[in-house]
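First the structure, in the form of structure tokens, and then the observations on it.
Just so you know, all these numbers are worked out from the coordinates, no wet-lab data involved. Model, not experiment: these values are computed from the prediction. In this analysis, Cβ positions are derived from the backbone assuming ideal geometry, glycine residues included, and neighbour counts consider all displayed protein chains.
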Amino acid sequence: MTIISRMVRLIKADVHGVMDSIEEPALLLKQALRDMEAEHLLLCQERDRLLQEQQCLQKRRRRIQQDLLSLQEDLDLCLGQGNDDLARSLLRKQLLAQREAAWCDDQLQASQQGADDLERQLQVQRQELERIRQRAGSLPRDSGAGCQPATAYAGSVDRDVITEADVELALLKAKANTQLRPTSGNGGVES
């Protein structure tokens, strides 16, 4: 039995020796660098996607603000003319726009936090890649210019339902605000 176990041990040692001679440390290091660069590229793409998402959300937020200003002007006109039915319709739109604006603000904040976290990860990873490249010697450098932006984010808002009570409350608030605003006697034209 000892002869067989010694033969097995000898064969294992020979196989390990052959494997060690096949596996060149330089090749393994190059492969590890390629793997790290691929991971780095994925992080760059995710960061770029988040930055594009932020731009889309900021545009959307500006559009909502413009819509809210327009709705407020129309609402003031309706309340001034005593058209409560049309005012309710405008208030419903205004409430939906306000909720969408709040959603955009939340998404912008989350996206900014994610981009900041990714940027910190990328910085650590760049330093690690540079350290390994220096150890490897004359391997080609990737400056990170291969980071490509992903497609723009096209998320949708999950809007809550606006109830009649919400509209009625908003109508009362709008009427109260209209009564508190000073009005000029000549339809806004001073003599």
Check: Listing ILE64, ILE3 from the residue with the fewest other Cβ atoms within 10 Å to the one with the most, what is the order?
Finding: ILE3, ILE64
Note to self: Quick check on the exposure proxy: order ASP85, ASP67 from fewest to most C-beta atoms within 10 angstrom.
What the structure shows: ASP85, ASP67
Checklist line | Linear extension gain, ASP166 paired with GLU128, 0.36 nm per residue minus alpha-carbon span | finding: 8.2 nm
Next item on the list: Please give the direction-averaged projected area of the C-alpha convex hull for region 20-104, in square nanometres with one decimal.
Entry: 7.5 nm²
Item checked: Spin-label pair ARG135/ASP84, simplified geometry with 7 Å Cα→Cβ offset, distance in nm -> 7.7 nm
Margin query: If I histogram all Cα-Cα distances within region 80-122 using bins 10 Å wide from 0, what percent of pairs lands in each bin?
Written below: 25, 26, 19, 15, 10, 5
Next item on the list: Multiply the residue gap between ASP74 and LYS93 by 0.36 nm, knock off their C-alpha separation, and tell me the result in nm, one decimal place.
Entry: 5.7 nm
Margin query: Taking the alpha-carbon distance from LYS30 and a cut-off under 20 Å, which lysines remain once sequence neighbours fewer than 8 residues away in the same chain are dropped?
Written below: none
Check: Which lysines have a Cα less than 20 Å from the Cα of LYS93, not counting those fewer than 8 places away in the same chain?
Finding: LYS59, LYS173, LYS175
Checklist line | Percentage relative contact order, region 1-105, counting C-alpha pairs under 8 Å, at least six apart | finding: 26 percent
